[in-house]
Structures are given as C-alpha cells and as structure tokens.
Amino acid sequence: MDELLRFGKKVAMRVLLFPLRLIPVKKNRVVMMNNLAKTYADNPKYVTEYLLAHYPGQFEIIFPVNDMEKYAYLTEKGVRPVKFNSFTYFYYAMTAQVFLSNSGGFSYLPLRKKQFVVNTWHGGGAYKKCGVDMYNNTRLFRADLKMSAKQTDVFMSTCEAFTREVSRSMLVPREIFWGVGMPRNDMLLNNNEQKRAAIREKLGLAEDERLMLFAPTYRKPDDNYFKDSIAIDYGVDTGRVCAALETRFGGKWKFAFRYHPAVVNRGEFDQGNVLDLTDYPDMQELLVAADAMINDFSSSMWDFMLTGRPSFLFATDLEHYVATTEVYTPVSSWPFPQSTNNDDLERTILEFSEADYAAACRRHYEELGGCETGEAAKLICQRIYDTCFKK
C-alpha cells in the first residue's frame, strides 16, 4: 500500500506539472540538483564551480536548497538558490535546458526530450547494491525507475563495474553511461598542496597536526530502505586510534568524525576530544585535508583511495550490514585493512604496510575497471556548453 501511495504521488506530480511544458525552455538555464541533501555540495557543486570559472556569465545557474538563508551567499557567486519543492523550483526545473542531478530520483518531473538530463550519481566504485537489486523488485518500483531512466541523457560513471551493475539495476540503457569519473573527484586526483593547506587552516589544524577522518555511512531502522537514515553507536575508540597512528606514522594526530548528511538522529559523538565536522559543507575538502581515513561502507572510500593515503575499514556490524545491504564487490576483495573491533583496528594501524596497501588499491581499481580522468567536470561542462549553444 505504501509503495502504491508513493508511486501515485509521483504520477500526480507529473500531471500537475505538465502544463509547465507549455513554457519555452531557456537555452542557458541549468539546474544543479544535489538530491542527497539539498545543499551546495557534491558533484553538482563542482560542475557549477567549473561553469563559473570557465564560462563566466554564460549560464543562469539554479541550485535548489532546503535552507535559503544559509545559501543566500550563492547569489554573490552568480548562482541563484531556490527553495527545493517550491513552485519556483518546479518552474526552473521544467524550463531549464540542462537538469543535472546526483541521484536518479527525478521521476516526478515530466521533463521534455529537448532538455538535457545528466546523472552524476553520488558514489564511486561498485559497492552497495541499488535499484531492483536492493529494494522491492515490483512492477511499480520498476515503473518508477523507468520514468527517470527514460529522461536521462548521460549517466556519469567511475568504473566499468559501476556501469555494468547500475545499468541493469536502475534500468538505465548502458549506452548512455560515460566513463570519465565524477567531478567531485577531480581535485583528489590533481593534487594541490596550496588548496590542501588552505582547507587545513580553515579546519584549525596546526602545521604539525595530522588528521584522521572517521566518516561512516548511515543505517536504516529494521533494515527498511524507506525509513529515515540513522546513526548508530559506531564503537570506535578514538584514543587508541590516535595512539596507534602516532606509533606507526609519527607526529601528532587529531581525530575527526563526520556523520552522513542523510542521518536524522545526529547527536554528540561521545568520544572525548574529537573534531566534529558533520556540518562542514564539503566532504571532498575533508578528504583533501585528511592524512588517513576510517570508513565502513560509504563510497567515499573509493574517493579517498584515489589520494593514495591510508584508509581503514572498521564496522562492528560488518557481517549484519553485508547480509542485509549486500554489495556488488565482495568486501573480502576491498583493499582496505578491515576490522570489527578496536583490538583489530589498532593492530591493522600498527601493522600497516604502504607497499602492500598501494598494490591492493591498484589491483582493486583495475578489477573494477576504474575510469577516473581527473577532468570529469571539464568534460561534462563541455557537453553542457555544446548542448546549450551549439545546437
């Protein structure tokens, strides 16, 4: 019944918005939709930044957000923030030449064939299952996926495994996948020490401090996809981690954590002297600043792997998560040293081998058919420009 209601709402929205198709499409209007959190972040942000820098004044860029006051500063950059799900948002979405999203969730919009729709997705590699592989593989759910798939012109991909699995599970034609990587990962591949220093200064890190970033993904109550995303007691001993890091790598280490942006029950991370970066607006900047990372199942492990810096997998509920969430690439083949308790986490840090880790990461990248170019933003912006001005 719930599934029928959700699908019915989307069909109703398409009917209600259909009259907006009578309004002409504006050829230089671009809507950048960060559907993950309705914030100025992720791939839509990095495509926006490239357009602003390399095509100044040529595009009307619309960025839907939840908090208009927080993102009012975007107007100074030349970006127009609009309230997500407002009439203004729907008007711009339906009249934009380009609609770019980092998720497949735009089936409620009756977009036109003349509009250019780009899906950058919001994670690299091929890890957590999605689409019909993860959720109810019912007729209604497949119909919902097909509504978005039929409207998509380009689906950006970070590796061959992603293209293969997501094409099938999201019912998207394989020929529209474009293996050039994600725009948000360009700066992780193109090392910029000046930018790294500036971010670290913004975080308040001293020159001699090294940063361990803990960035776990969300969980679902009762493993139900349709419920809100939540945080759990992740169980990491931050003191032991920092002591092990100082023993193995030297220097002073600062421990920081960042909740997944979809988590609704954020609270204090009760682990003593740690840096709370949950509200820091840009995860990719934190990956640039970090000297090491602890992850569980977040796809940011793929992103951080591109830097070559140490990444560790730690999850007390690893077996349960894999059994209930399922993954495309077996966890045993991931290149990150793995642990399910603090004793093992401490040991994997103390026994960390740079050479073994580098070899494992290379092997993993090749096995998944990695295709990050470091120029994803440039390449998609060229497509956007050509679509708007060279028709």
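The values are calculated or read from the model by the stated rules, or taken from the named source; none is laboratory data. From a predicted model like this one, the values you see are computed outputs, not experimental measurements. Cβ coordinates were reconstructed from backbone atoms using ideal geometry, including for glycine residues, and neighbour counts include every protein chain displayed. Accessible surface areas use protein heavy atoms only, side chains included; no ligands, DNA or RNA. Shrake-Rupley method; radii C 1.70, N 1.55, O 1.52, S 1.80 Å.
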Say we join alpha carbon atoms closer than 10 Å with springs in a Gaussian network model of the chain; which of S169, S311, S157 then has the biggest fluctuation?
S169
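Where does the chain land at 222 nm, in deg cm²/dmol rounded to the nearest 500, when only DSSP H runs of n ≥ 4 count, each adding -39500 (n - 2.57), divided by all residues?
-11000 deg cm²/dmol
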Can you give the charge dipole size of segment 1-61 about its Cα centre, rounded to the nearest 20 debye, using +1 on the beta carbon of Lys and Arg and -1 on the beta carbon of Asp and Glu?
280
Once phi is turned into ³J(HN,Hα) by the Karplus curve 6.51 cos²θ - 1.76 cosθ + 1.60 with θ = phi - 60°, what whole-Hz value does each residue of segment 290-302 show in order, with x for glycine and proline?
6, 9, 7, 9, 10, 10, 10, 10, 5, 5, 4, 5, 5
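Can you give the percent of C-alpha pairs in segment 125-164 whose distance is more than 13 Å?
Details: 479 of 780 pairs.
Percentage above 13 Å: 61.
Heavy atoms only, probe 1.4 angstrom, no DNA, RNA or ligands counted: give me W178, W253 ranked by accessible area, highest first. Please list the in-between numbers first.
Working: W178 60, W253 25 Å².
The ordering from most to least exposed comes out as W178, W253.
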All alpha-carbon distances of segment 99-171, grouped into 5 Å bins from 0, give the whole-percent distribution 3, 16, 28, 25, 18, 8, 1
Taking placed amide H atoms and a strict 5 Å upper bound, the residues 5 or more places from R29 or on another chain that come that close are E60, Q97, V98
Using Stokes-Einstein with the Kirkwood hydrodynamic radius over Cα pairs, what translational diffusion coefficient do you get for segment 276-391 at 37 °C and a viscosity of 0.692 mPa s, in µm²/s rounded to a whole number?
200
Quick P(r) readout (segment 1-101; Cα-Cα; 5 Å bins; whole %) gives 2, 12, 21, 23, 18, 12, 7, 3, 1, 0
Vicinal HN-Hα couplings computed from phi for segment 368-375 (Karplus, 6.51 cos²θ - 1.76 cosθ + 1.60; Hz; Gly/Pro x):
7, x, x, 9, 5, 9, x, 10
Apply the Karplus curve 6.51 cos²θ - 1.76 cosθ + 1.60, θ = phi - 60°, to the phi angles in segment 46-62 and return the couplings in whole Hz, x for Gly and Pro.
6, 5, 4, 4, 5, 4, 5, 7, 10, 10, x, x, 9, 10, 9, 9, 10
Solvent-accessible area of M305, probe 1.4 Å, all protein chains present, reported in Å² to the nearest ten, please.
10
At 1.4 Å probe size, with no ligands or nucleic acids counted, give the accessible surface of H320 in Å², nearest ten.
90
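Before I look further, what does the chain give for accessible area per residue, probe 1.4 Å, in whole square angstrom?
Details: 17290 Å² over 391 residues.
Dividing the accessible area of the chain by its residue count gives 44 Å².
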Springs between alpha-carbon pairs under 10 angstrom, Gaussian network model over the chain: which of A323, A289, A315 fluctuates most?
A323
Using alpha carbons only, what's the Rg to Rh ratio of the chain with Rh from Kirkwood?
0.96
Would you list K45, K150 from the most to the least accessible area, probe 1.4 Å?
K150, K45
Please report the accessible area of L189 (heavy atoms, 1.4 Å probe, ligands and nucleic acids excluded) in Å², nearest 10.
70
Determine, for each peptide in 379-387, 294-302, 58-66, 21-29, the mean count of other beta carbons within 10 angstrom over its residues, then list the peptides with the highest first.
294-302, 58-66, 379-387, 21-29
Looks like segment 1-50, by Cα gyration tensor root eigenvalues a ≥ b ≥ c and the a/c under 1.5 rounded cutoff (else prolate when a/b is bigger than b/c, oblate otherwise), is oblate
W334, W121, ranked by accessible area, largest first (probe 1.4 Å):
W121, W334
Mean projected area, convex hull of alpha-carbon positions in segment 47-205, reported to one decimal in nm², is 11.6
State the percentage of accessible surface on the chain attributable to carbon and sulfur atoms; use a 1.4 Å probe and exclude ligands, DNA and RNA.
50
